[in-house]
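First comes the structure, then the notes that go with it.
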Amino acid sequence: MTELPLSALQLPALLVSASAAIVGLLGALHLWLTFRSASFAPRDAELEARMKVVSPRITRQTTLWRAGLGFHASHSLGAMLFGLVYAQLVWAEPAPFWQLPLLQALGLVYLLAMGVLARLFWFRVPQQGLLLALLFYVSALWLHWA
């Protein structure tokens with residue numbers, strides 16, 4: 001049995017999908033770690049206890065701990081949304097994605113911004129995952145436009 005090579009349209013779509021899957025999986029893992037582990041808790045138990053009772057300056061309606069959980073959750077949902085939307089665009093509705101440079105640019109800007117944030121504020125796993133996602137995405141655009 002011989003394998004058929006990927007068509008000129010399938011490889012870029014596959015690369016965008018791989019990029020989207022990486023970001024979506026990182027988001028899902030982040031959400032799971034936020035609510036099902038102590039991975040984002042401070043190593044200092046006293047600090048955690050204080051964060052659960054101290055409110056930020058902007059409002060007394062929440063605590064630093066609850067705000068942190070909300071920020072982690074919304075961050076995760078954004079990554080999962082990017083993954084789902086961009087994978088859907090290149091497979092179910094490919095024409096708008098490939099015909100509208102704005103959609104391609106938005107994906108690129110999102111990945112670049114997340115990569116910068118990962119480099120400045122996070123740790124190695126999200127840095128490497130986002131770098132790989134960015135490489136796949138840029139490769140897809142290059143193959144499509146070359």
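The values are calculated or read from the model by the stated rules, or taken from the named source; none is laboratory data. Remember, predicted model here, so these are calculated numbers, not experimental data. Every residue, glycine as well, gets a Cβ built from its backbone with ideal geometry; the counts of neighbours run over all protein chains shown. Accessible surface is based on the protein model in full, side chains and every heavy atom, while ligands, DNA and RNA are left aside. Shrake-Rupley method; radii C 1.70, N 1.55, O 1.52, S 1.80 Å.
Values as computed for the structure displayed
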{"quantity": "Cβ-Cβ under 9 Å pairs, at least 6 apart or on other chains, segment 119-146 side touching a residue at least 24 places away in the same chain (Cβ under 8 Å), far side open to solvent by 90 Å² or more (accessible area, probe 1.4 Å) and assigned to a helix (DSSP H, G or I)", "calculated": "Gly129/Leu25; Leu130/Arg119"}
{"quantity": "Whichever residue in segment 18-48 is among the hydroxyl-bearing types (Ser, Thr, Tyr) and either part of a helix (DSSP H, G or I) or on the phi > 0 side of the Ramachandran plot (or both) and, among such residues, is surrounded by the most Cβ atoms within 10 Å (Cβ to Cβ)", "calculated": "Ser19"}
{"quantity": "Filtered residues of segment 56-77 (kept if open to solvent by less than 30 Å² (accessible area, probe 1.4 Å) and either part of a helix (DSSP H, G or I) or hydrophobic (A, V, I, L, M, F, W, C) (or both))", "calculated": "Ala67, Gly68, Ala73, Ser76"}
{"quantity": "Yes/no for Trp98 being assigned to a helix (DSSP H, G or I), among the aromatic types (Phe, Trp, Tyr), at pLDDT 95 or above and under 16 Å from Leu15 (Cβ atoms)", "calculated": "no"}
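This table checks each residue for (1) farther than 23 Å from Leu29 by Cβ; (2) of a type outside the set (A, V, I, L, M).
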| site | (1), (2) |
| --- | --- |
| Arg66 | no, yes |
| His75 | no, yes |
| Ala79 | no, no |
| Val85 | no, no |
| Val90 | no, no |
| Glu93 | yes, yes |
| Pro96 | yes, yes |
